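Since the structure comes first, as structure tokens, the remarks are kept for the end.
What follows is calculated from the coordinates using simple rules that are stated; it is not laboratory data. What you see is a predicted model; the values in this text were computed from it and never measured. Please note: Cβ atoms are built from the backbone with ideal geometry, for glycine as well, and neighbour counts cover all protein chains shown.
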Amino acid sequence: MRAFKIAAITLAILSGAIIANSFYIQHICSEYAKRVDSLRLDTPERAVEEVEALFGEFKKTERIVSISVNHDDLTNIEDCFSEMIGAAKAGDLESAVTTKSRLKNSLLHLGRLSGINLDSII
Amino acid sequence: MAAIFIRTFIIYVFLSVCMKLMGKRQIGELEMSELVATLLMSEIAAIPVADPDIPLMNAIIPGLFIVCLEIIISAMKNKSEKMKRFIEGDPIFLIYNGEIRQKALMDNRISINELLSEIRMKGIGNIRRVSYAILEQNGQISVFERDNKDFSQPIVIDSRPNAEALSLIGRDTQWLDERLKIYGTELNDIFLMTVDENDDIYIIRKEENNEGI
């Protein structure tokens with residue numbers, strides 16, 4: 001009976017933690033997607049400054065996110081940030097804007113796959 | 001490489017703890033649900049060991065989930081006879097009182113050659129010497145010889161009458177109630193009650209702190 005109670009409580013806590021984690025990852029991805037979308041890339045200096053600041057914040061959050069998210073997905077997002085910074089520093093704002101779109105979609109895609117829906121289950 | 005080494009150690013410790021929690025049966029003969037749990041655990045645990053890009057949590061969380069599920073299902077099987085039958089099935093008599101039950105062999109896809117082979121492996125060369133052969137829930141076949149008078153049927157398990165066993169020995173619940181009165185005991189007090197071919201009854205009463213699981 002004791003083992004049953006412990007197992008049932010553990011299962012309940014585990015389920016709660018998984019659901020909470022899923023919502024957290026979705027929220028984080030959605031927030032960062034919005035912030036990526038609102039990045040101003042009108043001048044190279046401003047682009048570098050804003051993207052580097054956002055990247056720095058993302059790296060702090062990444063530690064917690066990486067506990068449950070596939071590292072390949074996070075590497076892909078980091079690559080997008082690096083490309084944007086590189087393009088902005090080189091003065092190629094067109095590439096920076098293209099990569100910005102890719103980064104936003106990667107974040108939204110990660111958020112969708114981390115959620116509890118048919119896409120993520122299948 | 002260092003990360004793979006540490007991950008392997010963590011997964012190894014985690015699996016050992018899980019096996020300990022699930023009980024010794026995982027190491028010995030497995031029931032169906034236990035086999036499924038063991039297979040799943042080994043597959044899930046291997047994934048982050050082989051691929052460092054996959055978080056450790058992808059093995060630990062499902063592993064913990066399987067352990068909890070296995071413990072809960074085991075407890076529910078002990079509480080509910082119907083659930084136990086649904087998950088594990090029942091032991092099946094392939095030979096009862098010296099008679100081969102051909103339908104039981106067909107239903108369980110056991111050929112007569114397999115049955116003879118199992119009997120031979122038990123050291124019995126002549127099928128006529130066999131009085132009972134039982135296909136157990138774990139797939140093993142138990143064999144009892146005619147000379148062996150120690151075979152008994154469990155007619156009450158954890159306060160619940162075993163209708164099939166009673167039916168096999170040609171008895172019913174009314175006969176059981178009469179026997180309980182003779183022995184001055186009630187169904188709720190019984191942990192195990194068996195009867196053998198000579199109608200000798202053996203009763204094990206429940207201990208005081210036995211809640212039934």
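Being in a loop (DSSP other than H, G, I, E, B) and within 14 Å of chain B (Cβ to nearest Cβ), is that true of even one residue in the stretch A:69-85?
Restricting attention to the stretch A:69-85, the residues satisfying the condition of being in a loop (DSSP other than H, G, I, E, B) are A:69-70.
Then keep just the ones that are within 14 Å of chain B (Cβ to nearest Cβ); that gives A:69-70.
Yes - at least one qualifying residue is present in the stretch A:69-85.
Does A:Glu57 qualify as being assigned to a helix (DSSP H, G or I), without any contact (Cβ under 8 Å) to a residue 24 or more places away in the chain and surrounded by 17 or more Cβ atoms within 10 Å (Cβ to Cβ)?
Working: assigned to a helix (DSSP H, G or I): yes; without any contact (Cβ under 8 Å) to a residue 24 or more places away in the chain: yes; surrounded by 17 or more Cβ atoms within 10 Å (Cβ to Cβ): no.
Criteria not met by A:Glu57.
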Report task. Sort out which residues of the stretch A:18-46 are exposed (fewer than 14 other Cβ atoms within 10 Å of the Cβ), within 14 Å of chain B (Cβ to nearest Cβ) and either free of Cβ contacts under 8 Å to residues at least 60 places away in the same chain or over 24 Å from A:Ser68 (Cβ atoms) (or both), and write them in order of number. Result -> A:Ala20
Report task. Take the stretch A:1-47 and flag every residue that is within 30 Å of A:Val97 (Cβ to Cβ), part of a helix (DSSP H, G or I) and more than 23 Å from the chain's Cα centre (by Cα). Result -> A:Pro44, A:Glu45
Report task. Scan the stretch B:72-99 residue by residue and report those that are more than 14 Å from chain A (Cβ to nearest Cβ) and assigned to a helix (DSSP H, G or I). Result -> B:Glu81, B:Lys82, B:Lys84, B:Arg85, B:Phe86, B:Ile87, B:Glu88
Report task. Might you let me know whether the stretch B:59-71 holds any residue that is in a helix (DSSP H, G or I), in contact with a helix residue (DSSP H, G or I) (Cβ under 6 Å, 6 or more places away or on another chain) and more than 14 Å from chain A (Cβ to nearest Cβ)? Result -> no
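Every residue, every condition in (1) farther than 20 Å from B:Asp199 by Cβ; (2) free of Cβ contacts under 8 Å to residues at least 12 places away in the same chain, yes or no:
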| site | (1), (2) |
| --- | --- |
| B:Lys103 | yes, yes |
| B:Ser111 | yes, yes |
| B:Leu115 | yes, no |
| B:Glu118 | yes, no |
| B:Ile124 | yes, no |
| B:Arg129 | yes, no |
| B:Leu135 | yes, no |
| B:Phe144 | no, no |
| B:Asp158 | yes, no |
